[in-house]
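Structure first, commentary second.
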């Protein structure tokens with residue numbers, strides 16, 4: 001969150017038959033319940049005034065900025081390590097308490113990496129590498 005390390009909580013749902021229930025297919029009630037669960041998971045940690053709720057197609061995610069005290073308690077090697085294993089940009093930012101950097105925005109024209117499911121939401125975004133959010137992620 002504008003350079004501050006974050007806590008990440010994410011949640012997904014399955015259909016009774018074990019297949020993925022993609023986030024765009026969740027009911028408003030399921031979305032509210034999932035958000036409530038995410039907030040319970042991170043209760044008591046991070047800065048509640050610095051949050052971003054966003055979705056991928058498979059998961060609903062909450063970023064919450066770590067407090068200065070939480071960051072200060074981390075070993076130096078952790079704070080200097082480059083970020084890795086990023087899942088790419090969000091598909092959609094649902095809410096945020098502070099305007100994030102360009103790098104937190106969805107790609108303007110993502111390629112769609114198929115999850116080998118016939119569902120129209122069965123894809124992961126792959127950055128185009130050309131739009132402002134993608135260029136900001138590359139530079140970060």
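None of the figures in this text is laboratory data; all of them are computed from the coordinates on show. What you are looking at is a predicted structure, and each value in this text was computed from that prediction instead of being measured. Cβ coordinates were reconstructed from backbone atoms using ideal geometry, including for glycine residues, and neighbour counts include every protein chain displayed.
Extent along the principal axes, Cα only, for region 6-139: 46, 36, 26 Å, with the longest axis given first. Note on 77, 7: ascending count of other Cβ atoms within 10 Å places them as 77, 7, the fewest first. Each of 42, 23 was scored by other Cβ atoms within 10 Å of its Cβ. Arranged with the fewest first, they read 42, 23. In this simple spin-label model, placing a label point 7 Å from the Cα along the Cα-to-Cβ direction at both residue 71 and residue 139 gives a separation of 2.0 nm. Here the contact order of the chain, divided by its residue count and restricted to Cα pairs under 8 Å and six or more residues apart, works out to 23 percent.
The simple Förster model, with R0 at 25 Å and r as the Cβ-Cβ distance, assigns residue 124 and residue 6 a FRET efficiency of 0.75. Extension gain for the segment residue 29 to residue 48, taken as residue separation times 0.36 nm less the Cα-Cα distance, is 4.6 nm to one decimal. Only helical runs count toward this figure. For the chain, summing -39,500 (n - 2.57) over DSSP H runs of n ≥ 4 and dividing by all residues gives -6000 deg cm²/dmol at 222 nm.
Annotation for residue 112 and residue 94: the two label points, set 7 Å from Cα along the Cα-Cβ direction, are 2.1 nm apart. Listed from fewest to most Cβ neighbours within 10 Å, the set 35, 98 follows the order 98, 35.
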